[in-house]
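For reference, the structure discussed in these notes is given below.
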Amino acid sequence: GQRGDDGDGSPAEEVLGESAYPAATSSLAAAGVAAVAANLEGGDDDAVENVGVEEAREDAEVAAAGESANASASIAAAAAALPSSAMFDGHCHWHLGGDLPACVALASSLRGAAFTSTRPDDWEMAAACARGGNVNVDRGEGFGLCLGLHPWWAHHHPPASDPTWLPDLRRRLERSPRAVVGEIGLDRVAVPMNERGEVCGEPDYPNQVACFESQLLLATELKRPVVVHCVKAYGDVADRFRAADAMPPRVLMHSFGGTRAYMESLTRMKRWGSRFYFGFSAVVNLRSPKTRDVVTACPDDRILLESDLVGVNGAESDLRRVLAFVAECKGWSAEETAGITRENALRFYGE
């Protein structure tokens, strides 16, 4: 398989409000963005560049702006002129910034947003933001809410010593029929950190696998979609999917940092290929020219736009940048791109 040759990143934005764990989130985010950049740029797969969060964000903004400008100034201008209500943010962590009114206001100005939790401590805040912000979508209780345990925080909740979080997750999902399971996944770059961003132990990849597997099984049982984070573990994730006797109804590979070949290996699976969706964000995916090939090859009905940011600052402008990029890759107008990706997101989260 393609074990070890693909990477993925996650939010690379400073936490702008009062978050329970801003330092750790920022440190891990920078490592994740660096990992996907190193992979897509063809560098040493095992080397993770030591970049800071601000540098990662600035690089992404420069790359995104350059891609849009070089491809077509007219598309970039059309994307900038779109009404906010035309766009859906397919994956965000704004709630970690701690500003509920700002999250609700931004989501309400868009068609909607998927508030993606990372661990039990932020499930309530994510739920409040999804409930208050997704006023433009009538898809039922829990729409736009992703509940799960992210691999970055799996070390706090090993199933053997913390038997409470998984039953709690089940109860919350049962109370919210439209909520999906996420963000879950595997990450070979992450190291255990405490809320201050200090390393607090050795990596425990088997525990990540146990947490991922238990949540994937729960999502399959409850027939909920899943949102997957994957950093340098694409072979393991693909092997799990290939070996499955049953799967969740839909799988979003968010801020997808894998190769075109890897993406096609998923979409061509005989039993499960039609279930895979792929999200792209400015902060993670516009750091490499190779992203163009991946986006171009992505099935039209399986592509989502993401801000993938912690906090609302810059989220809407990032959505417009990645929208312009996708439009150029696909040969779509800005309006068509907003419509296609919006409907894809509504189908993924609300079908």
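The table for this structure:
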| item | result |
| --- | --- |
| Cross-chain or 6+ apart pairs with Cβ under 8 Å, segment 282-308 first and without any contact (Cβ under 8 Å) to a residue 40 or more places away in the chain, then among the β-branched types (Val, Ile, Thr) and buried (at least 19 other Cβ atoms within 10 Å of the Cβ) | Val294/Thr259; Val295/Ile303; Val295/Val326 |
| Residue in segment 325-336 that is most open to solvent (accessible area, probe 1.4 Å), counting only those that are touching a residue at least 40 places away in the same chain (Cβ under 8 Å) and either over 27 Å from Ala130 (Cβ atoms) or not aliphatic (A, V, I, L, M) (or both) | Glu335 |
| Unmet requirement for Val180, which otherwise passes all of (1) of a type in the set (Val, Ile, Thr); (2) touching a strand residue (DSSP E or B) at 6+ places or on another chain (Cβ under 8 Å); (3) free of Cβ contacts under 8 Å to residues at least 24 places away in the same chain | (3) |
| Test: residue in segment 193-210 that is under 26 Å from Gly140 (Cα atoms) and open to solvent by 20 Å² or more (accessible area, probe 1.4 Å) | no |
| Residue, nearest to Ala154 (Cα to Cα), within segment 89-126, restricted to residues that are touching a strand residue (DSSP E or B) at 6+ places or on another chain (Cβ under 8 Å) and either open to solvent by 20 Å² or more (accessible area, probe 1.4 Å) or assigned to a loop (DSSP other than H, G, I, E, B) (or both) | Thr118 |
| Filter pass, Pro248 being closer than 26 Å to Gly350 by Cα and of a type outside the set (Phe, Trp, Tyr) | yes |
| Residue that is nearest to the chain's Cα centre (by Cα) [pool: residues in segment 164-182 that are surrounded by 11 or more Cβ atoms within 10 Å (Cβ to Cβ) and assigned to a loop (DSSP other than H, G, I, E, B)] | Ala179 |
| Some residue of segment 112-127 being in contact (Cβ under 8 Å) with a residue 12 or more places away in the chain and over 24 Å from Arg170 (Cα atoms) | yes |
| Given (1) touching a residue at least 40 places away in the same chain (Cβ under 8 Å); (2) at positive phi, index of the condition Val237 fails | (2) |
| Number of the condition not met by Ala154 [criteria: (1) part of a helix (DSSP H, G or I); (2) open to solvent by 20 Å² or more (accessible area, probe 1.4 Å); (3) within 23 Å of Met247 (Cα to Cα)] | (2) |
| Selected residue [touching a residue at least 24 places away in the same chain (Cβ under 8 Å) and over 19 Å from the mean Cα position of the chain (by Cα)] from Arg320, Arg271 | Arg271 |
| Scope segment 253-263; condition aliphatic (A, V, I, L, M) and open to solvent by less than 20 Å² (accessible area, probe 1.4 Å); matching residues | Met253, Met263 |
| Tally of residues being under 19 Å from Ala114 (Cβ atoms), open to solvent by 20 Å² or more (accessible area, probe 1.4 Å) and not β-branched (Val, Ile, Thr) across segment 264-313 | 4 |
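The values are calculated or read from the model by the stated rules, or taken from the named source; none is laboratory data. Values in this document were obtained by computation on a predicted structure and should not be read as measured data. Cβ: placed from backbone, ideal geometry, glycine included. Neighbour counts: every protein chain shown. Each accessible area value is taken on the protein alone, full model and side chains, heavy atoms only, with ligands, DNA and RNA left out. Shrake-Rupley method; radii C 1.70, N 1.55, O 1.52, S 1.80 Å.
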